[in-house]
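This report concerns only the one structure given below.
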Amino acid sequence: MQAPNLNRAVLDKAISAMTCAVNHGVEQSARLAVIDFSMPSSEPRLWIFDLESRSLILEELVAHGRNSGDNVASRFSNVEGSHQSSIGLFRASESYIGRHGYSLRMDGLEPGINDRARERAIVIHGADYVNNQWIERHGRIGRSHGCPAVSQEVADQVVDNLKDGQFVFSYYPDDHWLASSPYLNCQPERVTAIVAPLSNTGS
């Protein structure tokens, strides 16, 4: 899968985490989104891949939470009201029309890291502060309340490509997460315990 601006090590981690999930009970998806929060928000750092054709569908700007950092994010949370982004492996779920228009709910698959994403309303949506004009004025794109917001121009395309069960992998070199993630370290018993309830709900 060719994406010259995506760190190959980050892509490898995303594929490994997804593969571990699929091998232990999560349905295989058709597409994979990768967000590299170690990159500045002024650079495209969201990639969506078609897994069957192993091709790149989109490469876009994506926002982080206002309390995660300025142009570069460095703080992440699983806590309601933190206004910080979350990292780890997610499953994109249902699309809906909300106050930000056409949007996409996500379920975090990592306990203690991102599993409160749905109750925190961490969703993918379009935002008028995600564009190159904002970068020219402020040196970065705008920041969200924790959502991975994208430009209004591509929001519908992003949602349509990821809805109904595609994987989303948000990366940052957080030592605790890298050492403890059941997907990155592929711990079958932990993964099976996490994904079993999901298969019962259809998420």
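Placing a label point 7 Å from the Cα of Ser180 along the Cα-to-Cβ direction, the residues of region 93-122 whose backbone N falls under 19 Å from that point are 108-118.
Take 51-63, 147-159, 85-97, 6-18 and order them by the average number of nearby Cβ atoms within 10 Å per residue, most first; the result is 85-97, 147-159, 6-18, 51-63.
Compared with the dominant Cα axis of the chain, that is its longest principal axis, helix 188-201 is turned about 80°. Measuring from each cysteine beta-carbon in the chain, the ones with no other cysteine beta-carbon under 4.7 angstrom are Cys147. Nearest 0.05, what FRET efficiency do Glu80 and Tyr129 give at R0 = 25 Å with Cβ-Cβ as r? Efficiency, from the Cβ-Cβ distance: 0.65. Only Lys, Arg, Asp and Glu carry charge here, each on its Cβ (+1 for the first two, -1 for the last two); on that basis region 88-203 has a dipole of about 240 debye about its Cα centre.
Protection proxy ranking of 99-109, 161-171, by the mean of other Cβ atoms within 10 Å over each peptide's residues and highest first, is 161-171, 99-109.
How big is the antiparallel share of DSSP beta bridges in the chain, given as a percent to the nearest 5?
So the antiparallel bridges amount to about 75 percent of the total.
Inter-part distance, region 145-200 to region 77-120, computed on C-alpha centroids, equals 9 Å. Each Lys and Arg Cβ is given +1 and each Asp and Glu Cβ -1; about its Cα centre, the chain then shows a dipole of about 320 debye. Note on Glu59/Val22: beta-carbon distance plugged into 1/(1 + (r/R0)^6) with R0 of 22 Å gives a FRET efficiency of 0.35. About its Cα centre, region 39-159 has a charge dipole of approximately 400 debye under the convention of +1 per Lys or Arg Cβ and -1 per Asp or Glu Cβ, with nothing else charged. Full extension of the chain between Gln187 and Glu43 yields a length gain of 48.5 nm, computed as 0.36 nm times the residue separation minus the alpha carbon distance.
Projecting label points 7 angstrom from Cα along Cα→Cβ for Asp50 and Arg66 puts them 3.9 nm apart. Of the residues Phe76, Thr192, Ala92, the one whose Cα sits farthest towards the positive end of the charge dipole of the chain is Phe76 (charges of +1 on Lys and Arg Cβ, -1 on Asp and Glu Cβ, taken about the Cα centre). Spherically averaged projected area of the convex hull of Cα atoms, region 10-164: 8.5 nm². Enter the angle in degrees (range 0 to 90, nearest 10) between the Cα long axis of helix 8-23 and the first principal axis of the Cα atoms of the chain, meaning the one along which they spread out most. Its long axis makes an angle of about 40 degrees.
Read the figures in this text as sums done on the coordinates, not as results from a lab. Since the model is a prediction, treat every value here as computed from it, not as a measurement. Glycine gets a Cβ as well: all are built from the backbone with ideal geometry, and neighbour counts include every protein chain shown.
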